[in-house]
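The structure appears below as C-alpha cells.
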Amino acid sequence: MAKHRESRITRDSNRPLKRRLSPGVRHMKIYLDTNVVMHSATEYRTQDIYFGGARAGEPLIRRGEIEVIKKRKARDPKLRQQIEALPELAGKLKDLGVEPVMDYENFIEIRRAGRFRKEYFYGSEIKASDRAPQFRTLVGGSRWMNSDPTENLFHNFLDGLKNKRFIQIAKQVGAFQGTYKKYNQLADAYFLWCAELNKVDYFLTLDFNLQKYIHKASRLEYIPQVITPTELLNVLQKS
C-alpha cells in the first residue's frame, strides 16, 4: 500500500477587506519569498492519502483524518520579530489594495490546495508572477510514482539554467562557493531573478543572509529592494 503525505496551511486571522488606495502605493508590486508564505500561518493541516491495496469494496483512493499541527515559535528573536509582523503587514497590504505575487510554480501548488488555497498569507489574494525564460513545469507525486525524488527535478532544472542574468545573481548569493553548487542558493537566485523580470518594487523575505548579499552587490544593479516585513511596514507607514 502506498502512502502519500499531503500538507496544507491554514490562517489564524480573517480580517475584512477594506480597499483604500493610496497614491504612494497604488501601483506597488511585492514579490513574496517562499519563507514568507511558510511562516504566515500558525497551523498546518496534514492528511494521509492511501493509494491502492485497499480491502475489497473499499475505494481505490482513501483519505485519512485531517490532523492539525500547531507551529512552534521561532527561537531566534530577530526572526520571531519578523514573523510576528506578518499579520499586520498582510492586513495593511489588503487595505491598500496591494496584491502580492510569487513564483508560478509555488503559486500553482497553492491554487491546487483546494479549500485551503485562500488561507495563505492571512487570506491575501496572491497572484502568479510571469514565468522566467527557460521555464519548465515540474510534475511530481508520491515517491512510488517517480523514479527520482521531486526535489531532484527542481535541482536539475536549476542546474541546467544557463541564463547570464540568473548566473550573475546566483554567484552573488553564494550558489557557486565551494566544490559543489548550493541548491538552496540557486533557488534563491531563481526567485530573485523572477522578481526582477516581473519589475516588482520589493522582494519580501525573512532570509537575512540573502538580504545582506544583495545589499552588498552594488555591481549587480539589482532593482527590486530586498526587504523584511518590519522594514516594509515602515515604508507603508511613511507613504
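The values are calculated or read from the model by the stated rules, or taken from the named source; none is laboratory data. For clarity, every value in this text was computed on a predicted model and none was experimentally measured. Cβ placement follows ideal geometry from the backbone for every residue including glycine, while neighbour counts extend to all protein chains displayed.
Under 9 Å between Cβ atoms, which residue pairs at least 6 apart in sequence (or on different chains) link something in region 157-173 that is more than 18 Å from I223 (Cα to Cα) with a partner that is surrounded by fewer than 18 Cβ atoms within 10 Å (Cβ to Cβ) and modelled with pLDDT of 90 or more?
Pairs found: L161/I167.
Within the bounds of region 185-208, is there any residue that is touching a residue at least 40 places away in the same chain (Cβ under 8 Å) and basic (K, R)?
yes
Which helices (runs of 4 or more DSSP H) does region 166-239 wholly contain that include 1 or more residues that are over 18 Å from D33 (Cα atoms)?
208-216, 229-238
Among the residues of region 217-239, write down those that are at pLDDT below 90 and among the charged types (D, E, K, R). Show your work before the answer.
Within region 217-239, the first condition is being at pLDDT below 90, and the residues that meet it are 217-219, 237-239.
Residues satisfying the conditions are R219, K238.
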